[in-house]
Amino acid sequence: MDSRITPFSIDIADSEIADLKARLAGARWPREAPVADWSRGVPTAYLRELAGYWADGFDWRQQQAALNTYPQFLTEIDGQTFHFLHVRSKEANALPLVLCHGWPGSFIEFQKLIGPLTDPVAHGGKAEDAFDVVIPSLPGFGFSAPLSGPGWELGRTTRAYAEIMQRLGYDRYAAHGSDIGAGVAGHLASFFPDRLVGVHVASERGMAAYIGVYMPVPADLTEAEKAALDRIKAEGADGGGYMKLQQTRPQTLAYGLAESPLAQLA
């Protein structure tokens, strides 16, 4: 297996930005829904304001320059290109830490954490709390694209993240993940217990809807907790259409997302 790691910088062509602005300017908007709230999806007025900012207020070049201040790299694992940030601390004994982003999301989720983690002294912390930070992009996400083929499920992705850490020379490290990244972080500890010094996971409340589906219902739930769980499940059933499409017919959905920036934004 080719284990090379190559430096990477974000460099979006001017033509791509011009195309985005033209598509936003010429967008075909649907008719207003009969209600103005979120019950039918994203309200038109809300999305018009957001799209207007994206077209005329958002400075991509400024954002690109900010992201390129972090060392970024590409490596190939099992035929799939992986993009990741690798930001070393100036502290000699910094603990390696892999941060695993969620769905839908990207490494940008952790942008504001990089400074405090790698240079805690500058943020009111202690030198012994420093980390070397590694932030991979999930396969098919961001610059870890395009997807090389089917089968990039949780276990395979977890092993790829472990391979990235091995290639960087980290035999012992910590992991944090949110959403699907929580699954990757948890699997790292399960698959490679001798390598992980600790794992921290986080998720949003909607994940509780999987209790009783993919995980057992705790036997000691109070009546109040049962009622709260029922509410979360009801909310998930009402608002899970987009996830269901992604899970079952992603290619059908992809045409609208690729053609229209409004579809991506919504």
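At a glance:
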quantity: Set Y170, Y161: member being aromatic (F, W, Y), within 22 Å of M207 (Cβ to Cβ) and either touching an Asp or Glu at 6+ places or on another chain (Cβ under 8 Å) or at pLDDT 95 or above (or both); calculated: Y161
quantity: In the range 152-166, the residues that are more than 13 Å from G181 (Cβ to Cβ), part of a helix (DSSP H, G or I) and of a type outside the set (A, V, I, L, M); calculated: G155, R156, R159, E163, Q166
quantity: Among residues of the range 26-39, those that are within 28 Å of the chain's Cα centre (by Cα) and exposed (fewer than 12 other Cβ atoms within 10 Å of the Cβ), counted; calculated: 3
quantity: Enumeration of residues in the range 92-101 that are at pLDDT 95 or above, among the hydrophobic types (A, V, I, L, M, F, W, C) and either surrounded by fewer than 21 Cβ atoms within 10 Å (Cβ to Cβ) or not in a strand (DSSP E or B) (or both); calculated: A94, L95
quantity: Verdict on L147 being assigned by TED's automatic domain parsing to the domain that holds G198 and part of a loop (DSSP other than H, G, I, E, B); calculated: yes
quantity: Residues of the range 214-266 that turn out to be free of Cβ contacts under 8 Å to residues at least 40 places away in the same chain and part of a helix (DSSP H, G or I), as a count; calculated: 37
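Residues checked against (1) at pLDDT 95 or above; (2) in a helix (DSSP H, G or I); (3) under 27 Å from T158 (Cα atoms); (4) not assigned by TED's automatic domain parsing to the domain that holds H176:
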| residue | (1), (2), (3), (4) |
| --- | --- |
| L50 | yes, yes, no, yes |
| T81 | yes, no, yes, no |
| K90 | yes, no, no, no |
| W103 | no, no, yes, no |
| K112 | yes, yes, yes, no |
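The values are calculated or read from the model by the stated rules, or taken from the named source; none is laboratory data. Remember, predicted model here, so these are calculated numbers, not experimental data. Reconstructed Cβ throughout: ideal geometry from the backbone, glycine too, with neighbour counts over all protein chains shown.
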